[in-house]
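Visitor: Quick one: this structure, given as structure tokens, is what I'll be asking you about.
The values are calculated or read from the model by the stated rules, or taken from the named source; none is laboratory data. Keep in mind it's a predicted model, so treat the numbers as computed, not measured. Methodologically, a virtual Cβ is constructed for each residue, glycine included, from the backbone with ideal geometry; neighbour enumeration extends over all protein chains shown. Quick note on the areas: whole protein, heavy atoms, side chains included, nothing else; ligands and nucleic acids left out. Shrake-Rupley method; radii C 1.70, N 1.55, O 1.52, S 1.80 Å.
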Protein chains: 2
Amino acid sequence: MTTLDTGVKIVRNVGRFTFGDGAVAGVADLVASKRSGKSQNAVFLIDEYFKGQKDIAGSLGAKSADAVHFISTVDEPTTQSIDELVAKLHSSGHSSPATIVGFGGGITLDTAKAVSNLLTNGGHAADYQGWDLVRVPGVHKIGVPTISGTGAEATRTCVMTNRETGLKLGMNSDFTVFDHVVLDPSLTSTVPRNQYFYTGMDAYIHCIEALAGSYRNAIGDAYSRETVNLCRNVFLSTDMMASERRSDLMVASYLGGCAIATSYVGVVHPFSAALSVVFGLHHCVANCVVLNATGEFYPEAHAEFRKMIELQKIALPQGVCANLTDELRAALIAATIKHEKPLTNALGTNFRATLTDTRIISLFEKM
Amino acid sequence: MTTLDTGVKIVRNVGRFTFGDGAVAGVADLVASKRSGKSQNAVFLIDEYFKGQKDIAGSLGAKSADAVHFISTVDEPTTQSIDELVAKLHSSGHSSPATIVGFGGGITLDTAKAVSNLLTNGGHAADYQGWDLVRVPGVHKIGVPTISGTGAEATRTCVMTNRETGLKLGMNSDFTVFDHVVLDPSLTSTVPRNQYFYTGMDAYIHCIEALAGSYRNAIGDAYSRETVNLCRNVFLSTDMMASERRSDLMVASYLGGCAIATSYVGVVHPFSAALSVVFGLHHCVANCVVLNATGEFYPEAHAEFRKMIELQKIALPQGVCANLTDELRAALIAATIKHEKPLTNALGTNFRATLTDTRIISLFEKM
């Protein structure tokens, strides 16, 4: 296959990052250093998973005048959920905070990025879904991932679904990138094993898709290769959640996020997006369900994935596409083939010649 | 060997980078976008290698009111050479340029970084040799490497020798990091083969030293591993200067620079520094001379290096340490063992027990 130009020519890096077990202890000082005469208060957006943890906001440096919101992870972010949160911040007097801390998984980190952009740019979340529509820098923002794999800490997007239009698209902008990221592997020690696996595989799957594609460049390939190496370290080891393996996976997540910025996915992500849209499956578990059924496109990665899932004794949802109706079949096909860029990346511009309706449905029926 | 904490906990990334063959064509627009009412002029520091190239400064966007200086690469930067250049810029009315473009190898890039810091911080270059002594951000700066390997485009230092004190030390500071880096592999097509090899091996050698050391962290290791992979791609291929191999080496240089920020070197660099100090050998060729003679510390890397150098038909300086006097021997030993951190990284805190004077000299005599 010929190598095609990705079209990506410019990359915005995360400003700074702090790393290592215990790095989270530095967040409070970081927040304090951003408070100034102009802006004394701060905003803390915390994954609801930590709601029961005693004084979690205080440990991150929150003071009484700050806004603390726990972010639900039942659904992935919507333009509506973002707009509602921004409205709450305006009405509580947090229109111009000194900094916003996002503490959690991809949903929470993406929410922090979107809120940061909206507080300075005004308008509604839907106004900025697309490429380079954000006009001015957002509020200073700090990202602290508490689970590894999606790479939201490193990317220039924050994915949101617009329920009115059905559009799932982020604010792709240099301004969406975090100013400071804190990579503390000790935070992932309590992640449930299945979730740890599904989320970590998000980095692996993106990168094996990118490396098998035809849109390529030397820097994206480098980030992808090392991300895959790190994921192998983790998921082919006997204890994927040992301290050093959690460090590896946190680095894989960050570098995988860097890879995303300069490359494209392949066959797995379009099918996975269809499972999310039609059945509401979360992104990471949907990716695993799809890779499990699409070995014909990625035979080596599929074999390795099977080895990993068996070694780590991970359960995958079964029969996700049992009892499909004609309506569901049509919805799944439409939601898959709309992802033209990744499908072209994997199969060429004429991808519909091989990826027929019948073949698409037979793949879904294996999931 | 136990893994020790590197002590490095925070990393400042290059703000943005542009990459790909032809990316250099975007430099002029980038410079134009930085000119403003407050500051209309720009500074161009260009490797003297390009002096004969017709309108090289104009192709980078230079206008008549701008300052254009060609940087000599006979010697590596000194605090004196930096101070003299800054004085020239002050007297020509370029005290507050809109941006500084560094176009060249490590010497030119490091010069651009140092000048940028001095124009806003005042004083002399020697005032800032050390860690975090730069007080305020420098002038906006754009780095365009024209040779790959040292990673100066990605690091937070700019190495300078203070001839009065004998101190070779950079301005290690977050403010030293480039705001924008342009990675255009087409620029390296005319590099002489020997120089291309020596400079590229700088990335390889740093990373194999880091990976063999005891001061380690997951992110430094990840950058180092992929840098070594890329160097293998390049130097174990039949045509190390093919277009795709030059892309690989430019990425290796950038990622190797990222690795430097979070890791330590080993035995090669202290010996190499001694060759530079005592005999004036440039850093990259000195590294190769040392690795060639120190296989006992890095047997696998040494074997691979020998394979690379033979495959690429590269000539190494011979008899560098022939005819040593007692005075030279003492100088070489002193200049080697002062690098305690890298030697500890490679051999442990008690490194002098194995690295005796006799052994040091017998190693130099093989060079």
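Visitor: Ignoring everything except DSSP H segments at least 4 long, calculate the 222 nm mean residue ellipticity for chain A; use -39,500 (n - 2.57) per segment, divide by total residues, nearest 500.
Guide: -14000 deg cm²/dmol
Visitor: Additional query: Pull out a ≥ b ≥ c, the square roots of the eigenvalues of the alpha-carbon gyration tensor of the stretch A:190-250, then state rounded if a/c is under 1.5, prolate if not and a/b is larger than b/c, and oblate in the remaining case.
Guide: Cα axes put the stretch A:190-250 in the prolate bin.
Visitor: Related question: Where a ≥ b ≥ c are the square roots of the eigenvalues of the C-alpha gyration tensor, would you call the stretch A:251-353 rounded, which needs a/c under 1.5, or, failing that, prolate if a/b is larger than b/c, or oblate?
Guide: Judged from the Cα gyration tensor, the stretch A:251-353 comes out oblate (a/c at least 1.5, b/c at or above a/b).
Visitor: If the limit is 18 Å between Cα atoms, which of A:Lys51/B:Lys9; A:Lys307/A:Lys341; A:Lys113/A:Lys141; A:Lys9/B:Lys54 go over it?
Guide: A:Lys51/B:Lys9; A:Lys307/A:Lys341; A:Lys9/B:Lys54
Visitor: Just to make sure I understand: if all protein chains stay in place, what is the order of A:Glu84, A:Glu209 by accessible area at 1.4 Å, largest first?
Guide: A:Glu84, A:Glu209
Visitor: Would you be so kind as to identify which of A:Cys231, B:Pro270, A:Ile71 lies farthest towards the positive end of the dipole of the protein assembly as shown, taking Lys and Arg as +1 and Asp and Glu as -1 on Cβ and the Cα centre as origin?
Guide: So the residue furthest toward the plus end is A:Ile71.
Visitor: Give me the accessible area buried between chains A and B, both sides summed, with a 1.4 Å probe, in Å² rounded to the nearest 100. If you can, show how the numbers build up before the last one.
Guide: Details: alone 15640 and 15640 Å², together 28560 Å².
Approximately 2700 Å² gets buried when A meets B.
Visitor: Taking the Cα centre of the stretch B:61-219 as origin and charging only Cβ (+1 Lys, Arg; -1 Asp, Glu), how large is the dipole, in debye to the nearest 20?
Guide: In debye, rounded to 20, the stretch B:61-219 gives about 120.
Visitor: Now a separate question. Give me the percent relative contact order of chain B, please, defined on Cα pairs under 8 angstrom at least 6 residues apart.
Guide: 16
Visitor: Work out from phi, with θ = phi - 60° and the Karplus expression 6.51 cos²θ - 1.76 cosθ + 1.60, the ³J(HN,Hα) of each residue of the stretch A:48-54, listed in order in whole Hz, and give x for Gly and Pro.
Guide: Listing the rounded values in order: 4, 3, 9, 4, x, 7, 3 Hz.
Visitor: What's the average, rounded to a whole number, of partner chain beta-carbon atoms within 10 Å of each residue's beta-carbon in B:215-228? Each step should come with its number before you reach the end.
Guide: Values: counts 0, 0, 4, 16, 10, 2, 6, 12, 4, 1, 4, 10, 2, 0.
Across B:215-228, the average partner-chain Cβ count within 10 Å equals 5.
Visitor: Rounded to whole Å, give me the distance from the Cα center of the stretch A:148-196 to that of the stretch B:15-38.
Guide: 29
Visitor: Also, I was wondering about something else. For the stretch A:73-78, just list the computed ³J(HN,Hα) in residue order, Karplus coefficients 6.51, -1.76 and 1.60, θ = phi - 60°, integers in Hz, with x standing in for Gly and Pro.
Guide: In residue order, the calculated couplings are 10, 5, 10, 6, x, 10 Hz.
Visitor: On to the next question. Which far-off residues, 5 or more places away or on another chain, put their amide H under 5 Å from the one on B:Thr73, with H placed in the peptide plane?
Guide: Answer set, sorted by chain and number: B:Glu48.
Visitor: What residue among B:Val159, B:Val74, B:Val228 shows peak mean-square fluctuation when chain B is described by a Gaussian network model with Cα springs under 10 Å?
Guide: Among B:Val159, B:Val74, B:Val228, the largest GNM mean-square fluctuation belongs to B:Val74.
Visitor: While we're on this one: Given a 10 angstrom Cα cut-off, can you work out which residue in B:Thr262, B:Thr161, B:Thr354 is the most mobile in a GNM of chain B?
Guide: For chain B, modelled as a Gaussian network with Cα springs under 10 Å, the answer is B:Thr354.
Visitor: While we're on this one: Apply the Karplus parameterisation 6.51 cos²θ - 1.76 cosθ + 1.60, with θ equal to phi minus 60°, to every residue of the stretch A:39-44 and state each ³J(HN,Hα) to the nearest whole Hz, in sequence, with x for glycine and proline.
Guide: So the Karplus estimates, Gly and Pro as x, are 9, 8, 9, 9, 10, 10 Hz.
Visitor: At a 1.4 Å probe radius, which order do A:His140, A:His90, A:His282 fall into by accessible area, largest first?
Guide: Numbers: A:His140 45, A:His90 90, A:His282 65 Å².
Solvent-accessible surface, decreasing: A:His90, A:His282, A:His140.
Visitor: Counting only residues 5 or more places away or on other chains, whose amide H sits under 5 Å from the amide H of A:Val181 once H atoms are built in the peptide plane?
Guide: Result for A:Val181 returns A:Arg16, A:Phe17, A:Thr18, A:Gly143.
Visitor: Ok, one more. Pairs of Cα atoms under 8 Å, at least six residues apart: use those to get the relative contact order of the stretch A:258-327, whole percent.
Guide: 22
Visitor: Out of the total accessible area of the protein assembly as shown (probe 1.4 Å, heavy atoms of protein only), what percent is carbon and sulfur?
Guide: Values: 15000 of 28560 Å².
The value for the protein assembly as shown is 53 percent carbon and sulfur by accessible area.
Visitor: Can you compute the charge dipole magnitude of the protein assembly as shown about its Cα centre, using +1 on each Lys and Arg Cβ and -1 on each Asp and Glu Cβ, nothing else charged? Give it in debye, rounded to the nearest 20.
Guide: Dipole about the Cα centre, nearest 20: 540 debye.
Visitor: May I pose another question? Taking a label point 7 Å from Cα toward Cβ, how far is A:Asp5 from its twins in the other copies, in nm, shortest first?
Guide: Its label point is 4.8 nm from the equivalent points in the other copies.
Visitor: Output, in nm with one decimal and in ascending order, the distances from the A:Leu311 label point to the matching label points of the other copies (7 Å from Cα along Cα-to-Cβ).
Guide: The answer, with the shortest distance listed first, is 2.8 nm.
Visitor: Report the semi-axes of the equivalent ellipsoid for chain A in whole Å, largest first, where each axis is √(5λ) for an eigenvalue λ of the Cα gyration tensor. If you can, show how the numbers build up before the last one.
Guide: Details: eigenvalues 224, 104, 75 Å².
Output for chain A: semi-axes of 33, 23, 19 Å.
Visitor: Pull out a ≥ b ≥ c, the square roots of the eigenvalues of the alpha-carbon gyration tensor of the stretch A:244-290, then state rounded if a/c is under 1.5, prolate if not and a/b is larger than b/c, and oblate in the remaining case.
Guide: Values: a/c = 3.09, a/b = 1.65, b/c = 1.87.
Note, shape of the stretch A:244-290 comes out oblate.
Visitor: Calculate the mean, over all residues of peptide A:17-23, of how many other protein chain Cβ atoms lie within 10 angstrom of the residue's Cβ. Mind showing how you got there, number by number?
Guide: Details: counts 7, 3, 9, 10, 1, 1, 2.
Counting other chains' Cβ atoms within 10 Å and averaging over A:17-23 gives 5.
Visitor: Under the convention of a label 7 Å out along Cα→Cβ, give the distances in nm from B:Lys341 to the same position in every other copy, shortest first.
Guide: Inter-copy label distances (nm, one decimal, shortest first): 4.1.
Visitor: Next up: Taking amide H positions as placed 1.01 Å from N in the peptide plane, with prolines and chain starts having none, which residues 5 or more places from B:Cys321, or on another chain, fall under 5 Å of its amide H?
Guide: The list, which skips near neighbours in sequence, is B:Met367.
Visitor: Right, next: Would you list A:Phe175, A:Phe44 from the most to the least accessible area, probe 1.4 Å? Walk me through the numbers on the way to the answer.
Guide: Numbers: A:Phe175 60, A:Phe44 0 Å².
Listed by decreasing accessible area, they come as A:Phe175, A:Phe44.
Visitor: What number, in percent, do you get for the relative contact order of the stretch B:227-293 if the mean sequence gap of Cα pairs under 8 Å and at least 6 apart is divided by its residue count? Display every interim value, and only then the final one.
Guide: Working: 40 pairs, mean separation 15.9, N = 67.
Rounded, it is 24 percent for the stretch B:227-293.
Visitor: Follow-up question, since we're still on this one. Got a number for the accessible area of A:Tyr196? Probe 1.4 Å, square angstrom, nearest 10.
Guide: Accessible surface of A:Tyr196 is approximately 0 Å².
Visitor: Further question on the same structure: Taking just the C-alpha trace of the protein assembly as shown, give me its Rg and Dmax in Å.
Guide: Cα-based Rg and Dmax for the protein assembly as shown come out at 26.5, 90 Å.
Visitor: Any idea how far the Cα center of the stretch B:313-367 sits from the one of the stretch A:227-292, in Å?
Guide: 46
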